[in-house]
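A.B. asks: Shown below is the structure under consideration.
The values are calculated or read from the model by the stated rules, or taken from the named source; none is laboratory data. Note that this is a predicted model, so its numbers are computed, not measured. Here Cβ is always computed from backbone atoms with ideal geometry, including for glycine, and neighbour counts include all displayed protein chains. To get the accessible areas, we keep the full protein, side chains included, count just its heavy atoms, and leave off ligands, DNA and RNA. Shrake-Rupley method; radii C 1.70, N 1.55, O 1.52, S 1.80 Å.
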Amino acid sequence: MMMSWPTCKKKKWVRVFFLGSTGLLFVVGMIVSQQQTYPTAVQIPQGKHFTVAYGTPYFFQPWIRQYVKSDAYAQCAFNNCIPIRDTSKADAVVFHHWDLYPSILFTGGGKNRRKQVWIYYGKEPVSRTNWFSHRLNGIFNWTATYLSTSDIHLPYGTYAKIPSTAMKLRKSLTELRKKTKTAFILMSHCHTWSRREDLVEDLRKHIDVDVLGKCGKPCPNNDNCDFNLFEKEYKFYLAFENSKCFEYITEKLWNNALAVGLVPVVLGGHSRNDYEALLPPESFIYADDFSSPKQLAEYLKKVGSDSELYNKFLRWREHFRVSTSQEKIDVMCGVCRGLNNKTMMSTPQIHNDMDKFWSVRRDCHGVGPGVQNGWFENAKAFFLYVFGIL
């Protein structure tokens, strides 16, 4: 029989272990970060320009090359931003939410708050980064996340109406009879807050589901996951998010399914409303509409055997197309766009209630249909995620 700890001891143990492990990884990341060579001398364009620095590592590692190279902003609508290394001299300092702690707990407002724009940036879900949000009050001027309430909105994807002149050239429907497999999923995180891995296993009891990536078999062609090839074989893509949080709908759906013409089965968001607000009409199957994995599997069998019903989920492609352009979804372009926005720059702003903006209690919930969740499963998934055992 497992020993039951008092609630207070559970919380204390989790907090101590979390702070200790995260602090160690953060320090290691900072050491590695200092070894990265950032451009220090770049060609400053004529006219007004803004300098941008990064105040944290990026997932405990140096910021990936694209964020610090001298032409990082070349493809943006506003390209008068210059990346620099010295945060004390930058017009804007970007902080990656995953790497904030523990250093931000001791930074306060910083020495140059009146001269700089500090930006809270990240595209990980609230459930994985909601670490003492109230301690961030009074620090950041802007937020840059996937939430539509952000000062700089960075969605994982968008869609737009196709010009009428191009509509006739658009391939929208598919020949269902040529598809020989039911569904597949690409997973690199094998222990998740949403417990999607459990839902996948339950679905496999009723229909064929292939698991690719770190949690299954490798993609063909030397791990090159070409979703355009998969579209020819499979009927459905399981776009299951690692967390079920408000507006958290990632490239799993946009790039892996919608952009290539696969019918997505989705698990994520706070409710169906999130998908209906962000996606083309009648473009997805919502897993939580079903009471059990078996019921969902039976519906997929039905849709997958009826060409008219199946193609109903693809007709949106006759009128709309997916856009994942850098300008709309990337932090570099978003930050530079904000710095060139006269209203944002002329109106002083500071976020004094970060918990109101970034709250796991309000914006995240539950797991997939038929899956049970508890504190032990949540703690296990979190620590395995942090330590990279995925």
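A.B. asks: Going by what's in this entry, would N228 be described as out of contact with any Phe, Trp or Tyr (no Cβ under 8 Å at 6 or more places or on another chain) and open to solvent by 10 Å² or more (accessible area, probe 1.4 Å)?
C.D. replies: In short, yes.
A.B. asks: Identify all residues within region 335-363 that are closer than 15 Å to D91 by Cβ and surrounded by 20 or more Cβ atoms within 10 Å (Cβ to Cβ); write none if there are none.
C.D. replies: Passing the criteria: V335, C336, G338, L339.
A.B. asks: Here's another thing I want to ask about it. Which of (1) at pLDDT 80 or above; (2) farther than 28 Å from W131 by Cβ is the odd one out, the single condition Y58 does not satisfy?
C.D. replies: (2)
A.B. asks: Looking only at strands (runs of 3 or more DSSP E) that lie completely in region 228-340, which have at least 1 residues being closer than 23 Å to I152 by Cβ?
C.D. replies: Ranges flagged: 320-323.
A.B. asks: Quick check on my filter: what residues within region 320-333 are modelled with pLDDT of 90 or more and more than 14 Å from P83 (Cα to Cα)?
C.D. replies: F320, R321, V322
A.B. asks: Let me ask something else. Looking at region 250-291, which of its residues are touching a Pro at 6+ places or on another chain (Cβ under 8 Å), of a type in the set (A, V, I, L, M) and open to solvent by less than 10 Å² (accessible area, probe 1.4 Å)?
C.D. replies: L253, A257, L258, I285, A287
A.B. asks: Moving on to the next point. Provide a single number: the residues in region 206-227 that are assigned to a helix (DSSP H, G or I) and in contact (Cβ under 8 Å) with a residue 12 or more places away in the chain.
C.D. replies: The number of residues fulfilling the criteria is 1.
Okay, residues lined up against (1) charged (D, E, K, R); (2) modelled with pLDDT under 95:
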position	(1), (2)
N256	no, yes
G261	no, yes
L267	no, no
S271	no, yes
D274	yes, no
I285	no, no
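A.B. asks: Scanning for something in contact with a Pro (Cβ under 7 Å, 6 or more places away or on another chain) and open to solvent by 10 Å² or more (accessible area, probe 1.4 Å), does region 293-302 turn up at least one residue?
C.D. replies: Looking through region 293-302, at least one residue is in contact with a Pro (Cβ under 7 Å, 6 or more places away or on another chain) and open to solvent by 10 Å² or more (accessible area, probe 1.4 Å).
A.B. asks: Among the residues of region 307-328 satisfying the criterion of being acidic (D, E) and touching a helix residue (DSSP H, G or I) at 6+ places or on another chain (Cβ under 8 Å), which is nearest to P281 (Cα to Cα)?
C.D. replies: Going through the qualifying residues, I end up with E318.
Matching residues to (1) more than 27 Å from the chain's Cα centre (by Cα); (2) open to solvent by 60 Å² or more (accessible area, probe 1.4 Å); (3) at pLDDT 95 or above; (4) closer than 15 Å to K252 by Cα:
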| site | (1), (2), (3), (4) |
| --- | --- |
| A183 | no, no, yes, yes |
| L186 | no, no, no, yes |
| H189 | no, no, no, yes |
| T192 | no, no, no, yes |
| R196 | no, no, no, yes |
| D202 | no, no, yes, no |
| I207 | yes, no, yes, no |
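A.B. asks: Give just the number: which of (1) within 24 Å of S188 (Cβ to Cβ); (2) modelled with pLDDT of 75 or more; (3) open to solvent by 20 Å² or more (accessible area, probe 1.4 Å); (4) under 19 Å from the mean Cα position of the chain (by Cα) does G366 not satisfy?
C.D. replies: Answer for G366: the failing condition is (2).
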